[in-house]
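The values are calculated or read from the model by the stated rules, or taken from the named source; none is laboratory data. Keep in mind it's a predicted model, so treat the numbers as computed, not measured. For neighbour counting, all protein chains shown are included, and Cβ atoms are generated from backbone atoms with ideal geometry for every residue, glycine included. For accessibility, only protein heavy atoms count, side chains too; no ligands or nucleic acids. Shrake-Rupley method; radii C 1.70, N 1.55, O 1.52, S 1.80 Å.
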Amino acid sequence: MRLLPRSAFARTVALIAVVLLINQLVSYVMVGLYVVKPSMQQISSVVARQVQGILVLDTWLQQSERARAEHQQLVQDYTAATGVLPLSELEAVKRGLQQTSRYNFLSAQMSELLQADTEVRISQGDVYRVWIKTAVIPDYWLVIDLDKFDEARFSPLLFYLGLIGLLSIFGGMLFTTWQNRPLKALEAAAKRIGRGEYPDQLKEAGSTEVVAVTRAFNQMTEGVRQLEQDRALLMAGVSHDLRTPLTRIRLATEMMPPDEDYLAESIINDIDDMNAIIDQFIDYVRIDTVADNERNNLNYLVEEVVGHSPENWHSKIEVIYTEVPDVAVRAISIKRVLQNLLENAERYGNGRVLIETGYDQSRQRVWFKVCDNGPGIPAKQVAKVIQPFTQGDTARAAKGSGLGLAIVKRIVERHQGRVVFSTSQRLGGLCIRVELPAVV
């Protein structure tokens with residue numbers, strides 16, 4: 001399982017998140033060490049001095065010879081002025097001692113400042129209260145109200161750090177989306193060119209690097225478009241120039257004396273083969289576009305091709321039809337695919353051909369396959385035989401241009417389909433399956 005993201009968008013967002021996390025941790029530690037800790041130390045120092053003042057007052061009163069009533073009145077005036085309220089254990093419980101939280105850091109600070117074992121607790125409500133119990137006055141809790149400290153001053157750190165993090169990640173996502181939008185357009189345009197289409201010039205937007213890539217891609221697209229047009233024009237011109245002398249040769253051959261009919265028939269057969277080869281060249285360079293596609297039912301196309309198969313074929317063709325949805329294809333191109341596959345099965349099979357149609361609902365693919373009972377093609381030679389001007393091994397070598405399967409592959413891929421080679425379980429020979437996207 002891959003832990004690292006693969007796309008540029010995910011990697012950019014992950015990088016921003018990691019850098020931001022490190023920054024947040026460092027910021028949190030720095031604020032804690034240089035802001036929160038000194039502030040807490042100052043609070044501890046102030047509270048400790050107030051407690052020390054109470055201790056000094058208590059010692060002084062014990063040594064003085066004042067009346068008890070005057071003693072109590074002086075203590076009440078001092079505690080009221082300093083905001084320190086002494087409570088017994090019972091009174092402390094009644095006033096909410098159980099709802100307080102012990103703070104070890106403050107307890108350690110106060111113990112050090114008072115030179116005695118001291119426990120510090122804090123309760124949070126409408127006001128902050130500091131509860132102090134020291135070994136110097138073991139029977140009392142000293143309660144100090146910090147009502148002048150706003151709660152918001154103690155809690156914004158995590159909020160602001162989280163807010164900054166979310167804003168940074170959101171900004172990074174917007175940036176990477178803006179950065180990747182031209183790349184997505186490049187990807188879509190490249191796929192269209194691969195299918196034989198030529199999209200309009202892409203808008204040059206984004207960073208300078210992406211703009212440079214887009215400009216180069218537009219130039220490449222225009223060059224490929226011009227190259228395809230030149231090739232199509234060349235092939236059309238070559239085929240026209242070749243067919244003219246071939247037609248004259250055919251006419252001259254048909255006018256030969258009857259005693260040379262065997263020679264005339266041979267020449268005419270060669271002329272037919274040459275015309276077929278020219279047709280295959282034209283089929284190979286033809287550019288099928290989405291605009292040429294129409295809704296067609298594959299069963300009807302198979303029936304039409306099989307119904308017009310040559311009468312001089314020796315193979316017995318068996319067809320198994322399955323109800324299938326329509327496909328968006330150029331009918332003449334798919335019929336050329338079927339024709340080429342049937343010609344191969346007739347040429348290399350041993351008298352039996354099976355055609356079957358079907359529908360893969362889970363993948364939304366309509367398919368047909370053409371199988372024969374011939375020697376087949378070894379798996380290691382499949383990649384070779386689908387290349388232009390290439391035929392199989394000597395077991396299947398025969399006359400032809402070597403463009404039949406190359407044309408099949410080219411047409412099917414331009415219809416966003418695929419060609420699969422296998423061995424027929426029923427006939428034992430080669431089985432070629434063509435898959436096309438369904439229109440549902």
Could you go through segment 80-89 and let me know if any residue there is out of contact with any helix residue (DSSP H, G or I) (no Cβ under 6 Å at 6 or more places or on another chain), at pLDDT 75 or above, surrounded by fewer than 17 Cβ atoms within 10 Å (Cβ to Cβ) and on the phi > 0 side of the Ramachandran plot.
no
Do we find a residue being under 34 Å from the mean Cα position of the chain (by Cα), exposed (fewer than 15 other Cβ atoms within 10 Å of the Cβ), under 30 Å from THR177 (Cα atoms) and at pLDDT below 80 anywhere in segment 269-289?
no
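Tell me yes or no: at least one residue of segment 383-400 is polar (S, T, N, Q), surrounded by fewer than 16 Cβ atoms within 10 Å (Cβ to Cβ) and either within 33 Å of the chain's Cα centre (by Cα) or modelled with pLDDT of 80 or more (or both).
Filtering segment 383-400 for residues polar (S, T, N, Q) gives 387, 390-391, 394.
When the remaining residues are screened for being surrounded by fewer than 16 Cβ atoms within 10 Å (Cβ to Cβ), the result is 387, 390, 394.
Checking which are either within 33 Å of the chain's Cα centre (by Cα) or modelled with pLDDT of 80 or more (or both) leaves us with 387.
Yes - at least one qualifying residue is present in segment 383-400.
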Among the residues of segment 175-205, count how many are under 23 Å from GLY417 (Cα atoms) and either in a helix (DSSP H, G or I) or basic (Lys, Arg) (or both).
12
If I filter segment 302-318 down to residues being within 14 Å of GLU356 (Cα to Cα) and touching a residue at least 40 places away in the same chain (Cβ under 8 Å), which single residue comes out as most open to solvent (accessible area, probe 1.4 Å)?
VAL306
Suppose we filter segment 339-368 for residues that are charged (D, E, K, R) and open to solvent by 50 Å² or more (accessible area, probe 1.4 Å); how many remain?
5
Among what's in segment 206-260 and is more than 30 Å from ALA189 (Cβ to Cβ) and not in a helix (DSSP H, G or I), pick the residue that is most open to solvent (accessible area, probe 1.4 Å).
MET255
Residues within segment 401-440 that are at pLDDT below 80 and closer than 30 Å to ALA188 by Cα, tallied:
3
For the structure I just gave you, tell me whether TYR103 is open to solvent by 90 Å² or more (accessible area, probe 1.4 Å) and among the aromatic types (Phe, Trp, Tyr).
no
Out of segment 109-134, which residues are open to solvent by less than 60 Å² (accessible area, probe 1.4 Å) and either at positive phi or of a type in the set (A, V, I, L, M, F, W, C) (or both)?
MET110, LEU114, ALA116, VAL120, ILE122, VAL127, VAL130, TRP131, ILE132
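Restricting attention to segment 115-143, and to residues there that are charged (D, E, K, R) and in contact with a strand residue (DSSP E or B) (Cβ under 8 Å, 6 or more places away or on another chain), which single residue is farthest from TYR103 (Cα to Cα)?
The initial filter retains those residues of segment 115-143 that are charged (D, E, K, R), namely 117, 119, 121, 126, 129, 133, 139.
Then keep just the ones that are in contact with a strand residue (DSSP E or B) (Cβ under 8 Å, 6 or more places away or on another chain); that gives 117, 119, 121, 129, 133, 139.
Values: ASP117: 14, GLU119: 8, ARG121: 6, ARG129: 13, LYS133: 12, ASP139: 20 Å.
Applying the filter and picking the extreme gives ASP139.
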Inside segment 159-178, can you point out the residues that are polar (S, T, N, Q) and modelled with pLDDT under 75?
SER168, THR176
Exactly one of these conditions fails for ARG181: (1) modelled with pLDDT under 80; (2) basic (Lys, Arg); (3) more than 30 Å from SER333 (Cβ to Cβ); (4) within 22 Å of the chain's Cα centre (by Cα). Give me its number.
(1)
